[in-house]
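Data first, discussion second: the structure below is written as structure tokens.
The values are calculated or read from the model by the stated rules, or taken from the named source; none is laboratory data. Please read all numbers here as calculations on a predicted model, not as lab measurements. Here the Cβ positions follow ideal geometry from the backbone for every residue, glycine too, while neighbour counts run over all protein chains shown. For accessibility, only protein heavy atoms count, side chains too; no ligands or nucleic acids. Shrake-Rupley method; radii C 1.70, N 1.55, O 1.52, S 1.80 Å.
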Amino acid sequence: MPVLGRACLILALVACAYGIGASLYGARTGRREWADSGRRAVYALAGLLTVSFGVLELAFLRSDFSFATVATHSSTTTPGFYKGAAVWSSQEGSLLLWAWLLAMWSSLVLFSTRRRMRDITPYATAMLLGFGAFFCGLLVFAASPFHVLASAPAEGNGLNPLLRHPSMMIHPPMLYSGYTLFTVPFAFAVGALAARRVDAEWIRSTRRFALAAWFFLGIGILLGARWSYSELGWGGYWAWDPVENASLMPWLTGTAFLHSVMIQEKRGMLKVWNVSLVLATGVLAILGTFLVRSGILDSIHAFGASTLGKPFVAFIALLAAGSIALVVSRRDLLRTENRLDSLLSREAMFLLNNLVLVGLCFVVFWGTFFPLISEAVTGQKASVGPPWFDRYTVPLALMLVLLSGIGPVIAWRRATAANTRRNFLFPSACAALCAVALLPVHVAQKPLALCMFAFAAFVAGSIGQELVRGVRARRAMASESVPLAAVQLVRRNRRRWGGYTIHVGMAVLFVGVAASSTFQHTRDASLVPRQTVRVDGYDVRYVKATGRVADDPDGTGAFMTLGAVLDVSKGGRHVATLRPARNYYPGDPSQGTVGQYIMGDATSEVGLKAGATRDFWVAVQPDAGWLMKVVAKGNDLPPSAGGLALAAIAQRYAERPPPADFRLIASPLVTWIWLGGMIVAAGGLVALWPAPDLARRRVTASLRARVAQELGRA
Amino acid sequence: MDPARKRTIRLTVALTAAVLLAGALIYTSFSASSPAKTPSQLMAGAEAGRSYQLTGKVAPGYVRRGNTLDFRVRDRSGRAAVPVRYTGTVPDPFRAGREVIVTVRKQGAGFVGERDSLVTKCPSKFTDSKRST
């Protein structure tokens, strides 16, 4: 079986090489059959990688420990669902997932564009196969998932317990879908520049792929934040960790691109800027993929040094240099058709939005790579922490939210005093009202948070105003009922209304972030049962301790769970009963009779009461010193008594627990972050959904492009 | 003023602002950063009161007393070991042999860890070595 998997990878590499040759030959000579053959090589790549991935996945599900990867990342005690997902917890498996997703998305894209943009697609095919060749090359020569062990061990290492959470399992596929989808606009940009066809048709298609990539990457990032909050024992959702930042950077430039491309479509401006953004996004996506697995930066995600560093750096350098060379050599194609008329116009707001987003990306980039930069400059590796990041990203985020409210209602080309008054009155009133309403609630002490809330109200006001005006206009035209008018309004301009929904979602998300980071109350307490502690007006009583063995209440394969039952009330009224716990996982037999069952890793099961206005979060840490003493005593017993000793420990903990350390956090509006994210996702789907007249628009766009080209103005 | 001149002025102003902001950012990053040091580097010379980012492996034999954790961080190659007294959240993967990053300040003969600054790197998922205690 491993032989089949490896053979498919080698064939995949061959298919990539063939496809690159065929596509480029087809592009240069104009012979369509060769270009088509190159496209079919992508389909072949997808098929081969599906088989390869299937072989590996099957090996994990069957716990076939002759596969080295399976033996080091799974075990018979890993629950079924996590066995399947353990494939991508390993270096090799995650590379294979990346390559597989690249092949699948590329096939989908090339299939849907098989009859269009015939000048560009061969070059794009070659570029996509270039990516495929790089990753298949790594899989064949550097990190093979099909390495076979001389003698298969009886039991594997098991999946890291920290990863045994549903969010953590969808998080990589979502992220990788985002990364791989961003290579598509990159490839099409390279193709368009190479074929000298940077026109309306290219823009329209590229935008769609970029939106899909942005959508998946955004969901991946949000899932990571959600996992961090609800699973890790620190109670936060974003740590400005290098790997988190690496996924955020292409998302920021991708967002910038999605906006600036509208200016190119409407007014033929910012062409150099647009292609540069697309190319930069693609390079950043590969950079992000590289950062996770290279070990060059210290991170909680850091997975130690690996041998893949050099090939990746070389590849990224090649992509960056090639992109710059391509843009410079085609700059005559990218001359702007129009110029900025006024700073008070929608174009100017879009430009400003782009500058803010690119600025944010620069801040994140600088902070993330600072250890390497400082080492190069001063010889000393130094790093910057979250306070530094917050200092620069908070003002930029405020500007971003404000712009997202101004953009939709300011006029194109030049805003006059009259239409400014008409459009801005209501949203400004909303913002002012919000600010005034929040003053008595002690928000004024935190001016930045107050600004964020006011700006979010501005956004809600401006988009609400647009909705009301649009519905009113439809009703006047077609005398539809209000709900139908709203639906028709969205249907006829999905892009705009998807975008507006996303803006509202982002505003909600930022409100959640601002509130939960500014007005959080944290308390650390060491408690024994029947003690009470007070946090932000909440009374928390430690009711009793719990100890369970071989129960595995969360389905993660934990052998022992020690926890607490907490009663949370406010003003005498019961709010929630929380059950934070600590899961203990098996180690190896050398750790002793009792130790082998529970001295492996440990994870926190967080007790969380989420609410519309406030989240109450609590994590418990049973006294580790006490546990180690008891385990040491248990290790004196013969191996056969292990299970009984474990049960006794759990019971002893439940009846006479030592003081346990609790971390209690009351954060307002955390739910708004997840809610905002869902609104953004819904908006993304609306924007992505094919419009009813897509075919017509496509044809007119390509005709327009042809005419423009003939007139020498493409 | 003709449009071309207006545009040039706008561009100049924008570029100047960008350069100034970038400059401020770069300047503060150098002063706001904590140098990363290994245990042997820290033992060789550490100023009292200055914060450093200590990276290394947790040496076996750490003691937890309530909210306080007393542990030693040693070099990857295993020579020097620095004692750290830390208060705050201890990440789940923390145990002897794991790589950690913690912000510390020199106090007397030992080092005090900054609250909640302890980060434990995910145990080697991407290497071939078998898991060790």
Exercise for the section: Select, from A:Leu318, A:Leu355, the only residue that is open to solvent by 60 Å² or more (accessible area, probe 1.4 Å), without any contact (Cβ under 8 Å) to a residue 40 or more places away in the chain and within 11 Å of chain B (Cβ to nearest Cβ). Expected result: A:Leu355
Completion exercise
Checked A:Ala545, A:Ala514, A:Ala564 against criteria (more than 14 Å from chain B (Cβ to nearest Cβ), within 18 Å of A:Gln621 (Cα to Cα) and touching a helix residue (DSSP H, G or I) at 6+ places or on another chain (Cβ under 7 Å)); the one match is A:Ala545
Exercise for the section: Look through A:Ala476, A:Ala456 and report the one residue that is closer than 25 Å to A:Leu438 by Cβ and assigned to a helix (DSSP H, G or I). Expected result: A:Ala456
Practice task
Considering only residues that are out of contact with any His (no Cβ under 9 Å at 6 or more places or on another chain) and outside any strand (DSSP E or B), look in segment A:526-553 and name the one that is surrounded by the fewest Cβ atoms within 10 Å (Cβ to Cβ).
Solution key: A:Arg530
Handout entry: Matching residues in segment A:93-112 - criterion: being under 21 Å from the mean Cα position of the chain (by Cα) and either more than 14 Å from every other protein chain (Cβ to nearest Cβ) or not small (Gly, Ala, Ser) (or both)
Key = A:Leu95, A:Leu96, A:Leu97, A:Trp98, A:Ala99, A:Trp100, A:Leu101, A:Leu102, A:Ala103, A:Met104, A:Trp105, A:Ser106
Problem - Identity of the residue in segment A:364-417, closer than 18 Å to B:Leu25 by Cα and of a type in the set (Gly, Ala, Ser), that ends up nearest to the other protein chains (Cβ to nearest Cβ) - result: A:Ala382
Practice task
Return a yes/no flag: does segment A:364-371 have any residue that is within 33 Å of the chain's Cα centre (by Cα) and under 25 Å from A:Gly499 (Cα atoms).
Solution key: yes
Exercise for the section: Might you let me know whether segment B:23-38 holds any residue that is assigned to a helix (DSSP H, G or I), more than 18 Å from A:Glu375 (Cα to Cα) and either within 13 Å of chain A (Cβ to nearest Cβ) or touching a Phe, Trp or Tyr at 6+ places or on another chain (Cβ under 7 Å) (or both)? Expected result: yes
Practice task
Looking at (1) in the same structural domain as A:Ala687 (by TED's automatic domain parsing); (2) modelled with pLDDT of 90 or more; (3) not polar (S, T, N, Q), find the lone condition where A:Asp539 falls short.
Solution key: (1)
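Conditions tested, residue by residue: (1) closer than 19 Å to A:Met628 by Cβ; (2) outside the structural domain of B:Asp116 (by TED's automatic domain parsing); (3) in contact (Cβ under 8 Å) with a residue 12 or more places away in the chain; (4) over 18 Å from the mean Cα position of the chain (by Cα).
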| residue | (1), (2), (3), (4) |
| --- | --- |
| B:Gly45 | no, no, no, no |
| B:Arg50 | no, no, yes, no |
| B:Gln53 | no, no, yes, no |
| B:Gly56 | no, no, yes, no |
| B:Ala59 | yes, no, yes, yes |
| B:Asn67 | yes, no, yes, yes |
| B:Phe71 | yes, no, yes, no |
Practice task
Output the residues belonging to segment A:53-81 that are in a helix (DSSP H, G or I), in contact with a Lys or Arg (Cβ under 8 Å, 6 or more places away or on another chain) and away from chain B (no Cβ under 14 Å).
Solution key: A:Phe60, A:Leu61
Completion exercise
All-but-one check, B:Ser77 against (1) without any contact (Cβ under 8 Å) to a residue 24 or more places away in the chain; (2) assigned to a strand (DSSP E or B); (3) away from chain A (no Cβ under 13 Å), failing number (2)
Handout entry: Test result for A:Gly178, open to solvent by less than 30 Å² (accessible area, probe 1.4 Å), more than 30 Å from A:Leu334 (Cα to Cα) and not hydrophobic (A, V, I, L, M, F, W, C)
Key = no
Exercise for the section: Taking A:Tyr229 as the residue in question, decide whether it is closer than 24 Å to A:Val606 by Cβ, touching a residue at least 40 places away in the same chain (Cβ under 8 Å) and in a loop (DSSP other than H, G, I, E, B). Expected result: no
Completion exercise
Selection over segment A:407-419 where residues are within 21 Å of A:Asn338 (Cβ to Cβ), β-branched (Val, Ile, Thr) and buried (at least 21 other Cβ atoms within 10 Å of the Cβ) yields a count of 1
Exercise for the section: Report, by residue number, each residue of segment A:100-132 that is within 16 Å of A:Gly282 (Cβ to Cβ) and either without any contact (Cβ under 8 Å) to a residue 12 or more places away in the chain or aliphatic (A, V, I, L, M) (or both). Expected result: A:Leu101, A:Leu102, A:Val109, A:Ile120, A:Ala124, A:Ala126, A:Met127, A:Leu128, A:Leu129
Problem - Residue count for segment A:285-295, restricted to those that are open to solvent by 20 Å² or more (accessible area, probe 1.4 Å) and in a helix (DSSP H, G or I) - result: 2
Practice task
Would you point out which residue out of A:Phe65, A:Phe81 is open to solvent by less than 20 Å² (accessible area, probe 1.4 Å), closer than 30 Å to A:Glu155 by Cα and outside the structural domain of A:Arg704 (by TED's automatic domain parsing)?
Solution key: A:Phe65
Practice task
Could you check A:Leu344 against (1) more than 25 Å from the chain's Cα centre (by Cα); (2) of a type in the set (A, V, I, L, M, F, W, C); (3) away from chain B (no Cβ under 14 Å) and say which number it fails?
Solution key: (3)
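Considering each residue of segment A:98-116, count those that are in a helix (DSSP H, G or I) and either surrounded by 18 or more Cβ atoms within 10 Å (Cβ to Cβ) or among the β-branched types (Val, Ile, Thr) (or both), and give that number.
Of all residues in segment A:98-116, those in a helix (DSSP H, G or I) come to A:98-112.
Subset that is either surrounded by 18 or more Cβ atoms within 10 Å (Cβ to Cβ) or among the β-branched types (Val, Ile, Thr) (or both): A:98-107, A:109-110.
Total meeting the criteria: 12.
Conditions (1) assigned by TED's automatic domain parsing to the domain that holds A:Ile286; (2) in a helix (DSSP H, G or I); (3) under 29 Å from A:Glu265 (Cβ atoms), marked per residue:
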| position | (1), (2), (3) |
| --- | --- |
| A:Glu155 | no, no, no |
| A:His171 | yes, yes, no |
| A:Thr180 | yes, yes, yes |
| A:Ala189 | yes, yes, yes |
| A:Arg197 | yes, no, yes |
| A:Leu222 | yes, yes, yes |
Practice task
Considering every residue within segment A:235-243, establish whether at least one is open to solvent by less than 40 Å² (accessible area, probe 1.4 Å), assigned to a helix (DSSP H, G or I) and either in the same structural domain as A:Phe350 (by TED's automatic domain parsing) or in contact with a helix residue (DSSP H, G or I) (Cβ under 8 Å, 6 or more places away or on another chain) (or both).
Solution key: yes
Practice task
Among the residues of segment A:588-605, count how many are facing another protein chain (nearest Cβ under 7 Å) and closer than 13 Å to B:Arg95 by Cα.
Solution key: 3
Exercise for the section: Please indicate, with yes or no, whether at least one residue in segment A:191-213 is among the charged types (D, E, K, R), away from chain B (no Cβ under 14 Å), surrounded by fewer than 21 Cβ atoms within 10 Å (Cβ to Cβ) and under 19 Å from A:Val292 (Cβ atoms). Expected result: no
Problem - Contacts under 7 angstrom Cβ, first residue in segment A:360-381 being free of Cβ contacts under 8 Å to residues at least 24 places away in the same chain, partner surrounded by fewer than 18 Cβ atoms within 10 Å (Cβ to Cβ) and charged (D, E, K, R), 6 or more apart - result: A:Lys381/A:Glu375
